[in-house]
Amino acid sequence: MSKISCFVLLVMGLAFSHCANPGMQLRISDKGLNHANKVLKKVVENQVKALSLPNISGEEDIKGKLTYEVSKIKVEEYQIIDSSLTFVPNVGVQMNIINSKAIVDSTWSVKHWVIKATEKTAIEISGASIVVVFKISKTDTGSPLLSLHSCHADIQKVSIKSNKAIKLMQEKFEKGKLEDYVRELLNSKICSAVTEESKKWADFVNAFPVQHEIDQYTEIDYQLVNPPVFTDRYADVEMKGTFYALNHRTEPAFAPKPFTFSDAKDFMLACGVSDYALNTLSEAYFSANALKITFTEEQINHVLKELYGVSQNVSEARGSLRATKAPVVTLKPQNMTVELAGQIKIAFKEAEKHTSSEFTVDIASSISANMSISEENSKVTITGDLTLNSLALQVTSEDKTQASKFAEVEKSVKSFIETQFMAQLNGELKHGISFSNPNFIILNNLHFYTHEGFIQINTDIGRL
């Protein structure tokens, strides 16, 4: 059930009418749908064997009144010979089981004026096909909405293992008519069973949460902003893609701009993340007071080493960096720029002079990032390098007697940022920041592109 539900969520796409721009977007190609079909084939085989089929009963006038009941119907074996998944424009996804075969065990009870019998029997079914269309839309609150749009079943051949009860019915029916009668009965019941089963899938999908807690500071809202829509070649899912601080949920003062995927037909999935989404993430971390760093004593000594008479005789050194406003991300073709504003506070005591000094350094900087993404050993890894485009500093202190040292402090802080701090960040990025793949999906063949206003990640799927 969980794999089918995850698949159903995967294939939601392309909007009927657009009323809001997404912060994030997912595109599923027909290549991705073909892969999902391979996975779903085995899942459906297991689901069919687990189906609870209702009893079948009735009566016929065959040289006298004949009543029957078929109970304890159980699919013992089921094999799909051929199947496919296709997009249905403006509706959803169609599952085509072109050919399948099964063995169905059941108990037959037959009453006729010449005999009364209850016996187990087996029915061999071949050439069975079923076409099911799922409609995928959205609720008023942005949750995905799944429903069964249509179902058609057709069993080509039924072979019934003979026993006393069946032989009686075969004798009473015209030659070959019993098999036709049972085939028609089963055809009428299959879609009823699928309808009941699809309600379980729909309940799961319709209750799917559209907010997710990222960490102790932030959460993401990925509700659908437009009704899902489908073309015959791909499907697009348009999500809100807004990050919020857990303790301070307010709507951002800016809105997402529309963006359009570049060609991704050779990949199973494409994911678009707009600069709007990234900027709401930075706003969320800033609102949660999470954008701050406490420096180690070694780092502070690096800042102070150029200050005359201080670098070798420092005690009780303290230092911290915090953002004074949320970073601003700008995305251009093959370029990502982050505008940063922060404040460094440095406090230390000169051991020999027994005097304390404290400086505040306001920072305005711009950094360009060149990023790439890869997958290995079930982990997605982001790597890259950063380039410092500009750096402006302003040093102040409440102790006016420290003014003579402002130039030296500015020089040492600038040296620290340009060398040690940037080197540390680039070292971490070179090593890579890794995330585990979800349990139900493995991403591979990842490609990362930066476009005007959004990032596009193209990928294939290893398994579901």
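The values are calculated or read from the model by the stated rules, or taken from the named source; none is laboratory data. All of these numbers come straight from a predicted model, not from anything done at the bench. Because the Cβ atoms are built from the backbone with ideal geometry, glycine has one as well, and the counts that use them run over all protein chains shown.
Here are the numbers for this structure:
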read-out: Qualifying positions in the stretch 91-127 - in contact (Cβ under 8 Å) with a residue 60 or more places away in the chain and under 36 Å from the mean Cα position of the chain (by Cα); value: 91, 92, 93
read-out: Some residue of the stretch 354-366 being in contact (Cβ under 8 Å) with a residue 24 or more places away in the chain and over 23 Å from residue 294 (Cβ atoms); value: yes
read-out: Contacts under 6 angstrom Cβ, first residue in the stretch 48-68 being at negative phi and of a type in the set (Lys, Arg), partner modelled with pLDDT of 80 or more and surrounded by 12 or more Cβ atoms within 10 Å (Cβ to Cβ), 6 or more apart; value: 49/75; 49/78
read-out: Neighbours by Cβ (under 6 Å, 6+ apart or cross-chain): first from the stretch 246-259, modelled with pLDDT of 90 or more; second in a loop (DSSP other than H, G, I, E, B); value: 256/21; 256/23; 257/453; 258/21; 259/453
read-out: Strands (runs of 3 or more DSSP E) fully within the stretch 382-461 counting 3 or more residues that are surrounded by 14 or more Cβ atoms within 10 Å (Cβ to Cβ) and assigned by TED's automatic domain parsing to the domain that holds residue 280; value: 443-451, 454-461
read-out: Test set (1) without any contact (Cβ under 8 Å) to a residue 40 or more places away in the chain; (2) basic (Lys, Arg); (3) in a strand (DSSP E or B) - residue 27 fails condition number; value: (1)
